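Enquirer: Please find one structure pasted underneath; my questions will follow.
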Amino acid sequence: MFPKDFLWGGATAANQCEGGYNEGGRGLANVDVVPHGPERRPVERGLRKMLDFEEGYYYPAKTAVDFYHHYKEDIAMFGEMGFRTFRLSIAWTRIFPNGDEEEPNEEGLKFYDSVFDECHKYGIEPLVTITHFDMPVYLIKKYGGWKNRKLIEFYKRLVTVLFTRYKGKVRYWLTFNEINMILHMPFMGAGLVFEEGEDRNAAIYSSVHNEMAASAWAVKIGHEIDPDNKIGCMLAAGDFYPLTSDPKDVFLAMQTDRDNLMFIDVQARGYYPNYALKQFEQKNIRIDMTDEDLRIMRENTVDFISLSFYSTRCVSTHDDVEKVQGNAFGGVRNPYLQRSEWGWAIDPLGFRTTMNKLYDRYQKPLFIVENGLGAKDKIEEDGSINDDYRIDYLRRHIQAMDDAITLDGVEVLGYTTWGCIDLVSAGTGEMSKRYGFIYVDRNDDGSGTLKRSKKKSFYWYKKVIATNGADLS
Ligand code: BGP
């Protein structure tokens, strides 16, 4: 049984749905210059530097699914499904086109004002990710991005403007989307570029520290501006399983989990865990941390833990195992699980396990802000789209979430499925990897009319929400 005020809804991110990359005074962002095609992964990982549009590449984020011009139509459809919340992100470059200006860009602020007003028309509570992989290119070129402590100041300026302007319109905030993604996709996740011979690890962990300090400042500023604000962190979650009961595998799984949980340990408990400090020491990673950073982090922990969950992952110390690449996380194949067309392991019970572990560890409410199946859809002759595979995936995960709440006592504030409307895939840049209840006529090469239509899952999710999760049939 789901709580009465459970926040059902869907999730998007500015860079994957808005488009309008050069409208309304917006500046250029790292997420704009990640191309579709074989160069995408190297760019995402910071192995190939691309800080501007280059000849001969297609950049899907430029137009994405043009939410910038379609938001009224799209939010009306979310309203029709009965959404109680809608997760979206702010494009930093709409508010501060370069990132270091003193004054914000009014046109950008107005855009989100209209989006939030539109949500409230349908009784939809906005859930805002302050930065979803987003970073002004100017800040990368001029300051080196998050490697530079100055970024903390620019981020404080950004959040102060947002909390002040949208006071009363937005109550739920996330500071950084999938903050641990910086380990796996440093450019895509945080705009990091590396110089020749630079120590990658040192650059990553200095940036991580600056992000976590900035996040704690956001919690402080957000609470000061409006004590009703609820501010959360966001983890790309999914437990790491040991492939076998070999203690070496078990230990490796624990360590790999820790690599990702370290972020939330700091954001939710307020201090670096000993294992992280030891690692920095052993790897000779020196981070410029001030006493003030550590105080702000300790005093301003998050109100809730949000997470994305698509799959669990599996690790092994053995050689004779099949390697797989699901999401941005590598690992080995788990023989007990089926996989999506993109090779992501499907594991609803693992979802329940992950929720339990996070709740045990932090004792703070969870918010599931991404979950879903990326799949190819087929339009039938009569125009219908029968996405039973998507319904099946979501049904099993919602059931697992119900079990976690009802049988295990995990506190969960809400659930927003990823890509409630089809959008550009972050990992691959494809449109054909679809997650939505709403189909968007747009193809991998950018062709298509952008027309929206309802899939079978649209009606199914509407019923799920109407029955507060009681009818999943
Ligand atoms: C998460 C991101 C999202 C989203 C999702 C699905 O990592 O927060 O932005 O895209 O994964 O991944 P993909 O788009 O690669 O299928």
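Laboratory data are not the source of any read-out in this text; all were calculated from the coordinates shown. A quick note: this is a predicted structure, and the numbers were derived from the prediction, not measured. When we count neighbours, we look across all protein chains shown, and the Cβ atoms used for this are built from the backbone with ideal geometry, even at glycine.
Enquirer: Using each residue's phi in the stretch 226-232, evaluate 6.51 cos²θ - 1.76 cosθ + 1.60 at θ = phi - 60° and report the 3J(HN,Hα) Karplus result to the nearest Hz, with x for Gly and Pro.
Expert: 8, x, 7, 5, 10, 10, x
Enquirer: List the trypsin sites (Lys or Arg not before Pro) in the stretch 329-433 that DSSP assigns to loop (not H, G, I, E or B) and whose Cβ has at most 14 other Cβ atoms within 10 Å. Which are they?
Expert: On the way: sites: Arg333, Arg339, Arg352, Lys357, Arg361, Lys376, Lys378, Arg390, Arg395, Arg396, Lys433; in loops: Arg333, Lys376, Lys378, Lys433.
Passing both the DSSP loop test and the Cβ count: Lys376, Lys378.
Enquirer: Shifting gears a bit: In nm, give the distance between the simple-model label positions of Asn274 and Lys110, each being 7 Å from the Cα along the Cα-to-Cβ direction.
Expert: In this crude label model, Asn274 to Lys110 measures out at 5.7 nm.
Enquirer: Can you flag which of Lys121/Lys220; Lys378/Lys454; Lys4/Lys463; Lys72/Lys454; Lys376/Lys454; Lys62/Lys147 are past 18 Å Cα-Cα? Let's see the in-between values first.
Expert: On the way: Lys121/Lys220 30 Å; Lys378/Lys454 13 Å; Lys4/Lys463 15 Å; Lys72/Lys454 16 Å; Lys376/Lys454 15 Å; Lys62/Lys147 26 Å.
Correct reply: Lys121/Lys220; Lys62/Lys147.
Enquirer: List every residue whose amide H lies under 5 Å from the amide H of Cys420, counting only residues 5 or more places away in sequence or on a different chain, with H placed 1.01 Å from N in the peptide plane.
Expert: Ala11
Enquirer: While we're looking at this one, here's another question. Which three extents, in whole angstrom, do the alpha-carbon atoms of the stretch 208-257 cover along their principal axes, largest first?
Expert: That works out to 51, 22, 13 Å along the principal axes.
Enquirer: Explain nothing, just compute: Karplus ³J(HN,Hα) = 6.51 cos²θ - 1.76 cosθ + 1.60, θ = phi - 60°, for every residue of the stretch 410-424 in order, whole Hz, x for Gly and Pro.
Expert: 6, 8, 10, 7, x, 8, 10, 6, 6, x, 4, 10, 3, 8, 6
Enquirer: Moving on to the next point. Mind giving me the nanometre distance, one decimal, between the label points for Glu55 and Lys167, set 7 Å out from Cα along Cα→Cβ?
Expert: Distance between label points: 5.2 nm.
Enquirer: What fraction of the Cα pairs in the chain, stated in percent, has a spacing above 36 angstrom? It would help to have the intermediate numbers written out before the result.
Expert: Values: 25220 of 111628 pairs.
Roughly 23 percent, rounded to a whole number.
Enquirer: Follow-up. Residue by residue through the stretch 44-61, which ³J(HN,Hα) values in whole Hz follow from phi under the Karplus form 6.51 cos²θ - 1.76 cosθ + 1.60 (θ = phi - 60°), with glycine and proline marked x?
Expert: 4, 7, x, 8, 10, 7, 9, 10, 7, 5, 10, 3, x, 10, 10, 10, x, 6
Enquirer: Only helical DSSP H runs with n ≥ 4 go in: add -39500 (n - 2.57) per run for the chain, normalise by residue count and round the 222 nm mean residue ellipticity to 500 deg cm²/dmol.
Expert: Values: 15 runs with 179 residues, N = 473.
Rounded to the nearest 500, it is -11500 deg cm²/dmol.
Enquirer: Continuing with this model, one more query. Taking 2.2 N^0.38 Å as the expected size of a compact globular protein, what ratio does the Cα radius of gyration of the stretch 409-473 give against it, to two decimals?
Expert: Details: Rg = 14.4 Å, N = 65, 2.2 N^0.38 = 10.7 Å.
Against the empirical 2.2 N^0.38 Å value, I get 1.34 for the stretch 409-473.
Enquirer: A further question follows. Could you tell me the convex hull volume per residue, in Å³, taken over the Cα atoms of the stretch 353-440?
Expert: Working: hull volume 9.0 nm³, N = 88.
Per-residue hull volume (Cα only) is 102 Å³.
Enquirer: While we're on this one: For Ser306, which sequence-distant residues (separation of 5 or more, or a different chain) have an amide H within less than 5 Å of its own amide H, given hydrogens modelled in the peptide plane?
Expert: Cys233, Met234, Leu235, Phe367
Enquirer: At 7 Å along the Cα-to-beta-carbon direction for both Asn284 and Thr467, put a label point, then send me their distance in nm to one decimal.
Expert: It is 6.2 nm.
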